[in-house]
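Written out below as structure tokens is the structure these notes cover.
The values are calculated or read from the model by the stated rules, or taken from the named source; none is laboratory data. Small disclaimer: the values here were computed from a predicted structure and weren't measured. Because the Cβ atoms are built from the backbone with ideal geometry, glycine has one as well, and the counts that use them run over all protein chains shown. These accessible areas exclude ligands, DNA and RNA; they are computed on the full protein's heavy atoms, side chains included. Shrake-Rupley method; radii C 1.70, N 1.55, O 1.52, S 1.80 Å.
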Amino acid sequence: MNGIKHAVLDPKFVSAAKFDQEPDWLSEMRNQAFEKSQDLPLPVFAKVNYSSWPLLEFSTKKQADLEIPKSVKDQLADYTFVNLGNRNIKNELANFLSQGVILCSMADAIKNYGDLVQKYLYQFAIDPNEDRLTAINLALMNNGTFLYVPDNVQLKDPIKLLTIQDSRQEEMFIDHTLIVAGKNSRFNVFQRTETIGDIANPAHLTAEIIADQDSHVQYNSLDCLGPKTYAYFNRKGHLKEDARIDWAMGIFNNGSTIADFDSDLYGVGSHTEMQTVAISTGRQTQGLDTQVTNYGRHTEGNILQIGVLLDSSTLIFNGIGKIIHGAHGSKAQQENRILMLSPKAHGDANPILLIDENDVIAGHAASVGQINKKQLYYLMSRGLSKEVAQRLVVRGFLGVVLSNVPIPAVREQMVAMIERKLQNDPESK
Amino acid sequence: MATLKVSNLHVSVNDEEDKKSKEILKGVNLEMHTGETHAIMGPNGTGKSTLSETIMGNPNYHITKGSIELDGQDLSTMTVDQRARAGLFLAMQYPVEIKGITNLEFIRTAVNVTRNEQGPLPIKKFLDKLKENLGILNMSDKMTERYLNEGFSGGEKKRNEILQMMMIKPKFAILDEIDSGLDIDALQVVAKGVNHMLSPNFGVLMITHYQRLLNYIHPDQVHVMMDGRIVKTGDASLAE
Ligand SMILES: Nc1ncnc2c1ncn2[C@@H]1O[C@H](COP(=O)(O)OP(=O)(O)O)[C@@H](O)[C@H]1O
Ligand SMILES: [Mg+2]
């Protein structure tokens with residue numbers, strides 16, 4: 001297993017990643033990003049050392065299309081759009097078609113809506129020149145989802161995406177979700193990620209949300225990648241005037257993860273709420289950075305990260321609030337809370353404020369602690385066993401974010417996931 | 001008829017400041033049966049809450065001598081949750097707040113775990129019962145959707161303790177200063193809840209330092225506690 005630090009990527013991966021009938025502009029972008037990637041530094045996740053992770057151990061084997069397993073078939077009905085590896089296996093776009101909404105795989109988007117994709121892909125939100133991983137993600141992107149909601153379209157029903165890493169065989173999985181919210185549009189996206197099969201493939205999942213003037217996007221995600229998957233996430237929002245993005249993300253991967261969640265508040269009056277819940281178990285390491293950058297005047301960004309640790313796992317939250325000079329009247333608040341259920345776990349919550357403007361309101365709160373004994377006693381005094389009481393306290397602790405998830409079915413999925421993680425815990429028994 | 005019996009109970013706590021063990025209860029004797037209403041009165045700091053917490057099984061309190069028995073079974077080896085499932089209930093002087101868990105979800109869980117052998121109460125029955133009890137306590141439905149005690153006023157917390165008691169239906173309930181901080185109206189409501197519970201299968205031990213509560217819930221026996229001991233026992237007239 002080759003750690004990422006010394007990994008040298010073969011250019012053959014770029015050709016392997018290309019979509020069918022890919023236009024030159026994209027191939028050109030890939031090539032440039034690939035070349036550049038050699039010189040760019042790896043991103044820094046404070047207090048997380050991932051240099052030995054095999055994040056770039058890709059495979060170019062020619063893949064056979066395996067059949068859709070029952071576990072996936074059973075879930076299809078719950079989603080609007082499902083990608084299994086680099087195959088789209090379900091798309092209910094028809095329900096939204098009349099409003100001019102586009103929802104398709106990245107491969108189809110490149111083919112059918114090339115101009116639109118070209119206008120947004122890696123243009124506003126994620127900068128491919130930022131670090132080695134952003135560059136590699138552009139260069140090697142081999143699947144993804146494109147969602148375009150035109151101006152003034154307001155969707156009542158959530159768009160539910162299921163993105164599956166197919167690890168039944170060696171397979172490169174570099175997924176990019178591109179979401180464009182037109183002016184004054186309003187909608188709700190839920191993206192769930194998971195792994196099937198138990199081959200050790202790394203996963204790279206990036207998402208860009210470009211929120212135009214007065215749009216309001218709610219992005220909820222639930223990440224449940226497999227135990228053998230080393231994962232890199234990068235989700236970034238670009239907000240124009242008075243736009244708003246509410247993020248509520250559950251990071252429940254079973255393998256080690258680094259994740260970078262960002263919102264750039266460019267437009268005057270734009271606003272984001274970035275909320276994350278995470279659970280680390282076993283020997284897992286998860287390092288999550290959430291950053292809001294206030295560029296525009298009267299912008300507001302609030303970060304809430306809540307995490308629970310079991311066993312000998314590690315969970316690091318870095319919350320970064322950055323206010324650029326000139327962003328008068330901006331607000332940046334953050335709260336990072338970690339609950340440790342095991343003495344062998346390692347948790348850390350680091351608020352970082354970088355403020356280059358006087359006329360702002362900024363603040364942070366952070367805590368790393370054990371379970372509240374008084375709460376446990378109170379619940380047990382009503383007959384709840386220690387395990388049940390503990391699960392309830394933990395759920396309550398995470399519930400602050402869960403209650404902000406607007407889709408009840410998603411909330412239930414998250415609760416079920418939390419229960420499962422806690423029940424597998426040998427320490428709490 | 002069930003019996004709760006406290007014999008020559010000595011209890012120590014470790015002082016939070018100097019970490020030294022300090023004896024609080026110095027030989028308490030008390031026997032009560034279901035169907036009876038008892039009251040313990042006494043000035044602040046004499047060990048009334050210590051007695052309640054020790055009976056319930058709060059791990060901060062250590063029994064150094066004596067025993068607590070429920071129907072002849074020694075409670076000292078039972079954990080808090082086992083005691084609760086055996087039929088003990090403590091309405092706490094300071095109920096804790098838990099964000100993120102709704103009151104409803106908590107009460108439902110508590111009701112079901114204390115019903116072990118009978119299996120969970122069907123949701124419809126549970127909700128009907130809840131509604132009825134909320135009515136008796138003059139509580140709005142909304143109180144059950146809020147997080148457990150979170151942001152509740154002092155009076156709301158007390159009512160919520162009584163609501164839990166009415167739903168769980170213990171054999172013995174200890175009400176630790178259920179009257180403190182309540183105005184007359186709220187006090188009457190709480191008393192109504194307790195009186196509603198009275199039956200040959202339920203015993204209640206009220207702890208208070210005001211006579212006022214006993215105007216609304218009439219005790220069969222009153223015990224006066226001083227400096228870690230019960231110094232006097234008599235009928236309701238002792239409270240006057
Ligand atoms: N958990 C505790 N830790 C340390 N001291 C305690 C604790 N609980 C009670 N005490 C002490 O025990 C004594 C009796 O307290 P308490 O039982 O609360 O009395 P009451 O309820 O009669 O007012 C007091 O001196 C109090 O400070
Ligand atoms: Mg007291």
Q: Pairs of Cα atoms under 8 Å, at least six residues apart: use those to get the relative contact order of segment A:87-185, whole percent.
A: 32
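Take every DSSP beta bridge whose two residues both sit in segment B:3-238, then give the antiparallel share in percent to the nearest 5.
Here the antiparallel bridges make up roughly 60 percent for segment B:3-238.
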Q) Across segment A:395-408, in residue order, what do the Karplus-derived ³J(HN,Hα) couplings come to in whole Hz, using 6.51 cos²θ - 1.76 cosθ + 1.60 with θ = phi - 60° and x for Gly and Pro? A) 5, x, 4, 7, x, 4, 7, 3, 5, 8, 7, x, 9, x
Q. Of A:Lys156/B:Lys125; A:Lys386/B:Lys19; B:Lys125/B:Lys171; A:Lys322/B:Lys142; B:Lys65/B:Lys171; B:Lys125/B:Lys192, which ones are farther than 28 Å apart at the Cα?
A. A:Lys156/B:Lys125; A:Lys322/B:Lys142
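Using Cα pairs under 8 angstrom and six or more residues apart, how large is the relative contact order of segment B:3-238, in percent?
29
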Q: List the residues of segment B:79-125 whose accessible area drops by at least 30 Å² when all protein chains are present, compared with their chain alone, using a 1.4 Å probe and counting only protein heavy atoms.
A: B:Val80, B:Asp81, B:Met92, B:Val96, B:Ile98, B:Lys99, B:Gly100, B:Ile101, B:Glu105, B:Phe106, B:Thr109, B:Val113
Q: Report the accessible area of A:Tyr230, computed with a 1.4 Å probe over the heavy atoms of all protein chains in place, in Å² rounded to the nearest 10.
A: 60
Q.
Give me P(r) over the protein assembly as shown, computed from all C-alpha to C-alpha distances, binned every 10 Å, as integer percentages.
A. 3, 14, 21, 20, 15, 12, 9, 5, 1, 0
(Q) Which of the three applies to segment A:46-182, rounded, prolate or oblate, going by the alpha-carbon gyration tensor with a ≥ b ≥ c and a/c under 1.5 meaning rounded? (A) oblate
Q: Over the alpha-carbon set of segment A:4-267, work out the extent along each principal axis and list the three values in angstrom, largest first.
A: 48, 42, 39
Q.
Run the helix sum for chain A: -39,500 (n - 2.57) per DSSP H stretch of 4+ residues, divided by residue count, reported at 222 nm to the nearest 500 deg cm²/dmol.
A. -6500 deg cm²/dmol
Q: Leaving ligands, DNA and RNA out of it, work out the accessible area of B:Thr50 with a 1.4 Å probe and give it in Å² to the nearest 10.
A: 20
Q) How many partner chain Cβ atoms sit within 10 Å of a residue's Cβ in peptide A:382-394, on average, as a whole number? A) 6
Q: Using a 1.4 angstrom probe, figure out how much accessible area chain B has per residue, in square angstrom, rounded to the nearest whole.
A: 45
**Q.** Among B:Phe106, B:Thr37, B:His223 the positive-end extreme of the charge dipole of chain B (Cβ point charges)
**A.** B:Phe106
Q: Starting from the amide H of A:Met249, placed 1.01 Å from N in the peptide plane, find each other amide H under 5 Å away whose residue is 5 or more places distant or on another chain.
A: A:Ser221, A:Gln275, A:Thr276, A:Val277
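Which percent of the accessible area of segment A:60-110 is formed by carbon and sulfur heavy atoms (probe 1.4 angstrom)?
For segment A:60-110, the apolar C and S fraction of the accessible surface comes to 50 percent.
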Q. Quick one: ranking A:Trp53, A:Trp25 by accessible area, 1.4 Å probe, largest first, what do you get?
A. A:Trp25, A:Trp53
**Q.** Ranking by accessible area, most exposed first, for A:Lys12, B:Lys48 with a 1.4 Å probe
**A.** A:Lys12, B:Lys48
Q: Return the average number of partner chain Cβ atoms within 10 angstrom of each residue Cβ along peptide A:397-405.
A: 2
Q | Accessible area (Å², per residue) of segment A:4-267, counting only protein heavy atoms and a probe of 1.4 Å | A | 37
Q. Among rounded, prolate and oblate, which fits segment B:90-221 when a ≥ b ≥ c are the square roots of the eigenvalues of its C-alpha gyration tensor, a/c under 1.5 means rounded, and a/b larger than b/c means prolate?
A. oblate
**Q.** Percent of beta bridges antiparallel (DSSP, the protein assembly as shown, rounded to nearest 5)
**A.** 20
(Q) From the protein chains alone at 1.4 Å, what is the descending order of accessible area for B:Phe126, A:Phe397, largest first? (A) A:Phe397, B:Phe126
(Q) Am I reading the A/B interface right? What is its buried accessible area, both sides, 1.4 Å probe, to the nearest 100 Å²? (A) 2000
Q: Pairs of Cα atoms under 8 Å, at least six residues apart: use those to get the relative contact order of segment A:4-267, whole percent.
A: 17
Q: Work out from phi, with θ = phi - 60° and the Karplus expression 6.51 cos²θ - 1.76 cosθ + 1.60, the ³J(HN,Hα) of each residue of segment A:200-216, listed in order in whole Hz, and give x for Gly and Pro.
A: 7, 10, x, 10, 10, 10, 10, 9, 10, 10, 9, 9, 6, 2, 6, 7, 9
Q: Round to the nearest 10 and report in Å² the accessible area of A:Tyr113, as given by a 1.4 Å probe over the protein chains' heavy atoms.
A: 80
